[in-house]
Amino acid sequence: MTSKPHTDQVYATKKVPKNPIKFHIQLNEEQKQAKEVILNNTITVLKGKAGSAKTLLACNVALDHLFKRQIERIFIARPFVYAENESLGILPGGIQDKLIGLTTPIIENMYMLAGKEKIDNLITDGTINILPVAFMRGLTINNAVLILDEFQNATLSQTYTALSRLGQGSKIIVTGDMAQCDLRNKKESGFDFFKKLENENVPNMKIVTLLTNHRHEVVEMISNIYDNYKD
């Protein structure tokens, strides 16, 4: 009986595409410039208001690296925080079942970029992994892209834990917007720590702010009014 090849063995035998990866959604000029920053750095923070396509860009870069065989896996992490004062109680199922709702926005962006069937297959074979922040300690992430999505909802301790998982041949892409912080005590957020890292001139670490709204035009108006109203 012939044993089934390990995923990494199958991965290693696939040819590297010679042409650029074609996604279903193309990046605009702002996103292309931001992508260059991500490609040239190890840790990149994407800031921007709701609708600025931070997660879409992070997914584009991660999938681009994966399809070009530059990495072996993609890890997705999101703080387990719901919108303010919302609670879903005890969720059924295993870890992946409990987190799939939380990571749905990221998976949906991947669907839009590369198609549902392809992404579902990559999730099934473990190439795309949903990684709870609580399970990160002791883990070293090599040859992968780690997407830290909505990380304005991570505490300083969680932020440090996630960043310190970085291994050889890996990148970290962080997305966040303090206007959408759902922590009860917003001062507990570790998102400002990235500014501290940039000010301390940590090598290969950059912060990029995306300005273009990619949702309905009314979203940008609502966001601007909200920023003034809440202050």
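The values are calculated or read from the model by the stated rules, or taken from the named source; none is laboratory data. Model, not experiment: these values are computed from the prediction. Counting neighbours? That spans all protein chains shown, and the Cβs are built from the backbone with ideal geometry, glycine included. When the accessible area is computed, the model is the full protein with side chains, heavy atoms only, and any ligands, DNA or RNA have been set aside. Shrake-Rupley method; radii C 1.70, N 1.55, O 1.52, S 1.80 Å.
General remarks:
- Probe 1.4 Å - accessible area at THR140, Å² to nearest ten: 90
- Restricting the range 116-208 to GluC sites (Glu not before Pro) in coil, as DSSP defines it, with at most 15 other Cβ within 10 Å: GLU200
- Stokes-Einstein translational diffusion, the range 118-208 - Kirkwood Rh over all Cα pairs, 1.002 mPa s, 20 °C, in µm²/s: 150
- Near LYS171, the amide H atoms lying under 5 Å from its own belong to ALA144, VAL145, LEU146; only residues 5 or more places off or on other chains count, and H is placed 1.01 Å from N.
- Taking amide H positions as modeled 1.01 Å from N, with prolines and chain starts lacking one, the residues under 5 Å from THR209 and 5 or more places away or on another chain are LYS47.
- Note that the range 218-223 has calculated 3J(HN,Hα) couplings of 6, 4, 5, 5, 4, 4 Hz, one per residue in order, obtained from phi through the Karplus relation 6.51 cos²θ - 1.76 cosθ + 1.60 (θ = phi - 60°); glycine and proline are x.
- For MET112, solvent-accessible area (1.4 Å; no DNA, RNA or ligand), Å²: 90
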